[in-house]
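Structure, as structure tokens:
The values are calculated or read from the model by the stated rules, or taken from the named source; none is laboratory data. All of these numbers come straight from a predicted model, not from anything done at the bench. Backbone-built Cβ (ideal geometry, glycine too); neighbour counts: all protein chains shown. For accessibility, only protein heavy atoms count, side chains too; no ligands or nucleic acids. Shrake-Rupley method; radii C 1.70, N 1.55, O 1.52, S 1.80 Å.
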Amino acid sequence: MRRFVLPTLFVLAVCWYALADDPIQGNYVGDWSGASGAGGKFKLSVAQQSGKRKCTVTFEYAGQEVSTNVTLCRIEGPKIEAQYDFDLGGNRLQSTIHGDQKGGALEGKYQTKALDNGSAVDEGDWKAAPAQ
């Protein structure tokens, strides 16, 4: 019996350590930059609502804040994927972000396409740290 106690405690400690990482939740602020040369501020909020994750995304383009309609919010461990629609200059667009948690911050890539024909519009990087 004693010879099982130490290995069991070791396994429990390893599992606790693996689960101890902070989940992706809360408010994050940072920046985005695209291959088009555009860039600006980026805000991401992740909350639990009715047992499901809910993401909210806003960003700046040419100094103006752009609101979005998030259609996908998927978090698996330290990874996040979100998809959101928005209007920009009379065009209906959709961006998809993929990111990883590194320390407490998030960073990743995005792709933007036109909703009417699916053509690529822009792609680039984003990063965000927990809001203070």
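Applying the selection to segment 39-57, what residues are polar (S, T, N, Q) and buried (at least 16 other Cβ atoms within 10 Å of the Cβ)? Ser45, Thr56 - these are the residues of segment 39-57 that are polar (S, T, N, Q) and buried (at least 16 other Cβ atoms within 10 Å of the Cβ).
Remark: pairs (first residue in segment 22-34, within 13 Å of Arg53 (Cα to Cα); second residue surrounded by 13 or more Cβ atoms within 10 Å (Cβ to Cβ) and of a type in the set (Asp, Glu); Cβ separation under 8 Å; 6+ apart in sequence or on different chains) are absent.
Is it fair to say Tyr28 is open to solvent by less than 50 Å² (accessible area, probe 1.4 Å), aromatic (Phe, Trp, Tyr), closer than 22 Å to Gln132 by Cα and modelled with pLDDT of 95 or more? Yes, satisfied.
Might you let me know whether segment 99-111 holds any residue that is open to solvent by 30 Å² or more (accessible area, probe 1.4 Å), among the basic types (Lys, Arg), in a strand (DSSP E or B) and touching a Phe, Trp or Tyr at 6+ places or on another chain (Cβ under 8 Å)? Looking through segment 99-111, at least one residue is open to solvent by 30 Å² or more (accessible area, probe 1.4 Å), among the basic types (Lys, Arg), in a strand (DSSP E or B) and touching a Phe, Trp or Tyr at 6+ places or on another chain (Cβ under 8 Å). For segment 82-93, check the following and say yes or no: at least one residue is in contact (Cβ under 8 Å) with a residue 60 or more places away in the chain, basic (Lys, Arg) and open to solvent by 30 Å² or more (accessible area, probe 1.4 Å). Scanning segment 82-93 turns up no residue that is in contact (Cβ under 8 Å) with a residue 60 or more places away in the chain, basic (Lys, Arg) and open to solvent by 30 Å² or more (accessible area, probe 1.4 Å). Considering segment 68-84, the residues that are outside any strand (DSSP E or B) and farther than 11 Å from Ser95 by Cα include one that is modelled with the lowest pLDDT, namely Gly77. Within segment 116-132, residues that are open to solvent by 70 Å² or more (accessible area, probe 1.4 Å) sit with their Cβ atoms under 9 Å from residues that are outside any strand (DSSP E or B), at 6+ positions apart or across chains, in these pairs: Val121/Ser36; Glu123/Ala35; Glu123/Ser36.
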